[in-house]
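The values are calculated or read from the model by the stated rules, or taken from the named source; none is laboratory data. Bear in mind that the values here come from a model prediction, so they are computed numbers and not experimental data. Reconstructed Cβ throughout: ideal geometry from the backbone, glycine too, with neighbour counts over all protein chains shown.
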Amino acid sequence: MTRFHQSLYSDTSLDELVTYSIQSLLEENQEATFENSVAKCYGGTRRKKKPGV
């Protein structure tokens, strides 16, 4: 499990986190889903699901 570092997020608004995650996901050609966004914000990794899986 990825360790959460509260100090990295204490001065960051939710709007900034959402903007960062969506921009990063789009740059990586990944789907901007809720799950991917949360994983991006908090250091986890999710893979884009393959169609039909």
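For this structure, a couple of remarks:
- When residues of segment 8-27 are limited to those that are more than 10 Å from the chain's Cα centre (by Cα) and among the aliphatic types (A, V, I, L, M), the one nearest to Val38 (Cα to Cα): Leu14
- Taking segment 1-41 as the range and being hydroxyl-bearing (Ser, Thr, Tyr), surrounded by 10 or more Cβ atoms within 10 Å (Cβ to Cβ) and at pLDDT below 85 as the test, the residues that pass are Tyr9, Thr12.
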